[in-house]
Amino acid sequence: MALAQPDPATPASSLLPERIAPPRGSLATTACMETLQVGYLHAVAAAAGCSLAQPFPDHGIDWHVSHSARGHAVDDEVTIKVQLKATYQIAPRPPGPTFSFTLDNDHLIKLARSPVSVHKILVVMIVPRARDDWVRAGHDRLALRHCCYWTNLAGHPVTGSRRTTVRIPTSRIFDDRALCEIMTRVGAGGRP
């Protein structure tokens, strides 16, 4: 079988049709990142059969996620609090078992408090730097890029004067199965 090779005299850009990106809105990138991660959380919660509530005012916690199941021993419905963060400063698919993420100490203190009556998790989304790469749609899927990871920071010490670096496990991908597993553990009286 022979493969056709491009003609060296033909510019590479002429091999594929030119695609001009439509103008995007002028909303700040960080605001758009917040919206993207909320969309990710909504998709995961919907697939997990969870309900979402946004506290107003938020007092440092973005969302309350609730899960009803007959198997919960603590209550028929359990709730966790979720703090969302997003960054494009970390490359997708971080190598190793963890990646570093820096939090303001005020946020860390709220997330690290222990014991608590309602458990909290931090969900960090790694997004591509270019907004053009955030979403891919096709006839059979809508892909949000790149990925969210979660951790429970209960008991984590504050080590910096204003900000503290925490380690986020790369094995803890935040998806619908992970959320159901978190809720099952909380529903049994355990930690996320």
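Nothing in this text is a laboratory measurement; each read-out follows from the coordinates by a stated rule. What you see is a predicted model; the values in this text were computed from it and never measured. Methodologically, a virtual Cβ is constructed for each residue, glycine included, from the backbone with ideal geometry; neighbour enumeration extends over all protein chains shown.
Karplus-derived 3J(HN,Hα) values for segment 153-158, using 6.51 cos²θ - 1.76 cosθ + 1.60 with θ = phi - 60°, are 9, 3, x, 5, x, 7 Hz; glycine and proline are entered as x. On a per residue basis, the convex hull of the C-alpha atoms belonging to the chain measures out at 206 Å³.
The string of couplings for segment 113-125 from the Karplus curve (6.51, -1.76, 1.60, θ = phi - 60°) is 4, 7, x, 9, 8, 10, 5, 10, 10, 9, 10, 10, 9 Hz, one whole number per residue in order, with x for Gly and Pro.
Once backbone amide H atoms are built at 1.01 Å from N, residue 119 has 81 as its partners under 5 Å, excluding neighbours fewer than 5 places away on the same chain. Placing +1 on each Lys and Arg Cβ and -1 on each Asp and Glu Cβ, with no other charges, gives the chain a dipole about its Cα centre of roughly 500 debye. Amide H contacts of residue 174: 148, 149, 150, each under 5 Å away and 5 or more positions distant or on a separate chain (H built 1.01 Å from N in the peptide plane; Pro and chain starts excluded).
Each of 146, 50, 21 was placed along the dipole of the chain (beta-carbon charges, centred on the mean Cα), and the one lying farthest toward the positive end is 146. Bridge orientation summary for segment 59-192: considering DSSP beta bridges with both residues in this region, about 75 percent are antiparallel. The residue list 130, 67, 161 was ranked by how far each Cα lies along the charge dipole of the chain toward its positive end, using unit charges on Cβ atoms, and 161 comes out on top. Computed from the Cα positions only, the extents of segment 91-167 along the three principal axes stand at 46, 28, 22 Å, in decreasing order. The value of relative contact order for the chain, using C-alpha pairs under 8 Å at least six residues apart, is 22 percent. For segment 72-171, a simple Cβ point-charge model (Lys and Arg +1, Asp and Glu -1, everything else neutral) yields a dipole of about 440 debye relative to the Cα centre.
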